[in-house]
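Heads up, the thing below is written out as structure tokens.
Laboratory data are not the source of any read-out in this text; all were calculated from the coordinates shown. Here the structure is a predicted model, which means the values were calculated and not measured. Glycine gets a Cβ as well: all are built from the backbone with ideal geometry, and neighbour counts include every protein chain shown.
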Amino acid sequence: MPQRVFFVTSEVYPFSKSGGLGDVMGALPEAMEKSGRPSAVISPYYGRISTGNVRVRRTVSDLHVGYPWAPITADVYETEYHGVPLYFIDRGEYFDRRYYYNDPYKGDYFDNAERFIFFCRAAIALMEHLGTSPSIVHAHDWQAALLPAYIHFMRPREPFWTNTGTVFTIHNVAFQGRFSSRLFESCGLPSEAWDINGVEFFGDFNLLKGGIVYADAVTTVSPSYAREILTEKYGYGLDGTLRQRELHLYGVLNGADYTVWNPEDDPYLPCRYSVKDLSGKQKCKEHLISELGLDPALKDRPLLGFIGRMRGQKGIDLLNAIIPDLVRMDVGIVALGEGKPEHEAKITELMEQYRGRVAAVIGYTEDLAHRMQAGSDIFLMPSRYEPCGLTQMYALRYGTLPIATAAGGLRDTIDPWPGENSTGFIFTKSEAGELLKSVREAVNFWTDNPAGRLKMIRRAMRREFTWDRACREYMDIYRNIRLRL
């Protein structure tokens, strides 16, 4: 087996997905493989894993892991997806659950630390079992953050890991995997890692911090977010640690997978369309209005879409606050997502209050997300912070003009109106009044300037955020690490 880059992640589309991480891991390894860098993915084998028509087979039984007690083992399932080997770590009591990380009504699983320490330890055991040292281990988010720490301490004493570099990517620094200090005792790291310059964080065991401190390079998913997390406002307590790693911190903008998100050949759409022939977009809008039971008169008025987690970060509360004003503006609102019960309950209440004008679907289905991107005229992303964002990239490709906060990757991907290169609308403060002002501006533009609207839609659809660019940046980072080893 050739030396590979091993991507270690808690989600990989189309097998598992709760947000952008799954999409990234479904596209980046494939793009890396096509660029000539052999790659593989390691991820948990969830009880709700979706295999579709892909054959997944068990290839390893009783792989010794030894955490949290000596005899514990894992099974490994394997498949190949678009030329990339995928390995799934299976241990029923940890991963055979309805949700990946938490029950939306009961909160985080009580044993999340144990689950993902086990996952990291099993990933180490699997790579050793496969017999060829990885060139790079590229870990993603807190669930895989201990991989760089383990490899850092194993490199001096275990020849298998001597020439393996590590990269740690932060998709959202707010989610850190912060647990009781007692869980450090049996995690497999040496006692010297329990330090203010290690995994200790105000007396707690912080998994994300371990990835930041011990990786050879740290990346995040947009240039703007890489700068933002160095500040107290966006660093969530880790800004000081991140500033210590600033020389090895990189912002690599995510790409969009246009083999999945493309209105020209999207199998989920009732009618396809392109930048040259937009007639199908109106038909998609009319189909969506009918599918969600909205007032047919909305076919001639702007339809606003929201797809995302119903949490404060995504600004769903800001949207809920202005829905009565939006209804008075004679527009329609469609929303898809799940999150905190109070936000779900509020938008459901608003749907009942404004039946025919507001439609909310609690949960997430891939097919409806595609139809909402195609059928909406304007896409709402009022995020309080946004490391990268992929849905605005999808919206641009579908000719659905985004309204977004000037945060993180939103700033890096949307050219604000007014301007000859504008592709959407940006507002600066995460406040309901500012969002309403921006929506009013966009709706007036949509209504009063049909020629300008058509030009902006076409500019948006021509914007390219490919994984080829991101691959080149990652490969430069990998090469620099290899030179330092």
Semi-axes in Å, largest first, for the stretch 1-137 (Cα gyration tensor, √(5λ)) are 23, 19, 13
A chain fully extended from Y109 to D295 at 0.36 nm per residue, minus the present Cα-Cα distance, gains in nm 62.8 nm
The alpha-carbon center of the stretch 401-457 and that of the stretch 66-124 are separated, in whole Å, by 41 Å
proj_area_mean for the stretch 116-177 (convex hull on C-alpha atoms), units nm², value 4.0 nm²
Once amide hydrogens are built 1.01 Å from N within the peptide plane, the residues lying 5 or more places from T219 or on another chain with amide H under 5 Å from its amide H are F168, T169, I170, Y250
Computed on Cα atoms only, the convex hull of the stretch 87-140 has an orientation-averaged projected area in nm² of 4.4 nm²
Output ordering of 205-216, 152-163 (per-residue mean of other Cβ within 10 Å, highest first) is 205-216, 152-163
Computed, not fitted: 222 nm per-residue ellipticity of the chain from DSSP H runs ≥ 4 (each -39500 (n - 2.57)), nearest 500, equal to -11000 deg cm²/dmol
For the stretch 127-248, the Cα-Cα pair-distance distribution in 5 Å bins from 0, as whole percents, is 2, 12, 22, 24, 19, 12, 7, 2, 0
Taking only C-alpha positions in the stretch 373-461, Rg and Dmax in angstrom work out to 11.7, 33
Short to long, in 10 Å steps from zero, the percent of alpha-carbon pairs of the stretch 229-326 per bin is 12, 24, 28, 19, 15, 2
Counting every C-alpha pair in the stretch 26-71, the percent lying more than 11 Å apart is 79 percent
Dimensionless Rg/Rh of the stretch 333-430, both radii on Cα and Rh by Kirkwood, sits at 0.98
Contour minus Cα-Cα span, K455 to F175, at 0.36 nm per residue, comes to 96.9 nm
Rounded to the nearest Å, the spacing of the alpha-carbon centers of the stretch 220-277 and the stretch 316-394 is 21 Å
The summed charge of the T166 Cβ neighbourhood (under 12 Å; Lys/Arg +1, Asp/Glu -1) stands at +2
Projected convex hull area of the stretch 279-462, Cα atoms, direction-averaged, in nm², equals 9.0 nm²
Highest mean packing first, using Cβ neighbours within 10 angstrom, the peptides 417-427, 327-337 sort as 327-337, 417-427
Of the convex hull drawn through the C-alpha atoms of the stretch 418-483, the volume per residue in Å³ is 126 Å³
In whole µm²/s, the translational diffusion coefficient that Stokes-Einstein assigns to the chain, given a Kirkwood hydrodynamic radius over C-alpha pairs, 4 °C and 1.567 mPa s, equals 56 µm²/s
Of 342-355, 32-45, ordering from highest average Cβ density within 10 Å down gives 32-45, 342-355
Restricting to Cα pairs under 8 Å and 6 or more apart, the percent relative contact order of the chain works out to 12 percent
The lysines whose Cα lies under 18 Å from the Cα of K233, excluding any fewer than 8 residues away in the same chain, are K209, K314, K429
